[in-house]
1. Any residue at all in the stretch 28-43 that's in a loop (DSSP other than H, G, I, E, B), within 20 Å of residue 149 (Cβ to Cβ) and over 15 Å from the mean Cα position of the chain (by Cα)?
2. Could you identify the single residue in 83, 78 that is touching a helix residue (DSSP H, G or I) at 6+ places or on another chain (Cβ under 7 Å) and closer than 22 Å to residue 26 by Cβ?
3. Return the only residue of 151, 136 being over 21 Å from residue 6 (Cα atoms) and in a strand (DSSP E or B).
4. Taking the stretch 1-27 on its own, how many of its residues are in contact with a strand residue (DSSP E or B) (Cβ under 9 Å, 6 or more places away or on another chain), over 15 Å from residue 164 (Cα atoms) and assigned to a loop (DSSP other than H, G, I, E, B)?
5. Determine whether the stretch 103-111 contains at least one residue that is crowded, with 16+ Cβ neighbours inside 10 Å, touching a strand residue (DSSP E or B) at 6+ places or on another chain (Cβ under 6 Å) and not in a helix (DSSP H, G or I).
6. Within the set of pairs 6 or more residues apart or between chains, which connect a residue that is at pLDDT below 95 inside the stretch 116-138 to a residue that is in a helix (DSSP H, G or I) and surrounded by fewer than 19 Cβ atoms within 10 Å (Cβ to Cβ) with Cβ atoms less than 9 Å apart?
7. Of everything in the stretch 154-173 that's assigned to a loop (DSSP other than H, G, I, E, B) and touching a residue at least 24 places away in the same chain (Cβ under 8 Å), which residue is nearest to residue 22 (Cα to Cα)?
8. Of the residues in the stretch 64-102, how many are farther than 28 Å from residue 9 by Cβ and in a helix (DSSP H, G or I)?
């Protein structure tokens with residue numbers, strides 16, 4: 001699949017096939033895609049926690065639910081969850097963050113997450129990135145130190161349906177201009 005078709009076909013999946021587990025080799029290729037992701041000053045400020053133990057996965061999925069708001073009611077269906085923990089940057093990246101007042105580590109975590117999800121899509125897997133979850137509950141369940149942030153949870157599995165939804169996006173002229181801000 002060429003890259004633009006991969007991007008067109010990747011979507012946030014919120015219903016998973018419960019009878020189809022994720023093959024370990026596919027997860028390993030997704031992890032390798034993260035390992036190869038670029039980062040500011042090559043800091044690689046992330047750690048992935050792959051959650052495939054069924055009981056632990058259910059407990060983490062429950063910590064991601066927001067039933068009273070009407071979303072994140074699907075993570076328990078996914079065979080695998082992945083937590084992305086933001087790690088401390090190296091000295092160069094940390095200095096850049098201070099001098100430029102930009103959170104390079106957050107950008108890097110986002111890039112790593114996209115690498116994971118695009119590789120998963122190329123493997124025929126569905127994913128959904130979630131930033132809304134009970135971080136303290138997930139931290140406790142996964143043994144993440146208090147000085148670390150769990151930035152994202154990603155659901156991973158085979159989609160329950162094969163259909164690709166139409167993407168509603170702004171037109172190119174709304175997101176891009178040449179040579180000056182317009």
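1. Yes, the stretch 28-43 contains at least one residue that is in a loop (DSSP other than H, G, I, E, B), within 20 Å of residue 149 (Cβ to Cβ) and over 15 Å from the mean Cα position of the chain (by Cα).
2. Values: 78 fails: touching a helix residue (DSSP H, G or I) at 6+ places or on another chain (Cβ under 7 Å).
Being touching a helix residue (DSSP H, G or I) at 6+ places or on another chain (Cβ under 7 Å) and closer than 22 Å to residue 26 by Cβ holds for just one of 83, 78, which is 83.
3. Values: 136 fails: in a strand (DSSP E or B).
Criteria check complete, one pass: 151.
4. The number of residues fulfilling the criteria is 5.
5. no
6. If the second residue must be in a helix (DSSP H, G or I) and surrounded by fewer than 19 Cβ atoms within 10 Å (Cβ to Cβ), the pairs left are 132/69; 134/62.
7. Let us first name the residues in the stretch 154-173 that are assigned to a loop (DSSP other than H, G, I, E, B), namely 158, 160-171.
Next cut, touching a residue at least 24 places away in the same chain (Cβ under 8 Å) only: 158, 160-161, 164-165, 167.
Numbers: 158: 7, 160: 13, 161: 16, 164: 20, 165: 22, 167: 26 Å.
So, considering only residues that are assigned to a loop (DSSP other than H, G, I, E, B) and touching a residue at least 24 places away in the same chain (Cβ under 8 Å), the one nearest to residue 22 (Cα to Cα) is 158.
8. Here is the first cut: in the stretch 64-102, the residues farther than 28 Å from residue 9 by Cβ are 67-69, 85-102.
In the following step, the residues that additionally are in a helix (DSSP H, G or I) were identified as 67-69, 91-100.
Residues meeting the conditions: 13.
The values are calculated or read from the model by the stated rules, or taken from the named source; none is laboratory data. Since this is a predicted model, take the numbers as computed values, not measurements. Cβ sites come from the backbone with ideal geometry, for glycine too, and all protein chains shown count toward neighbours.
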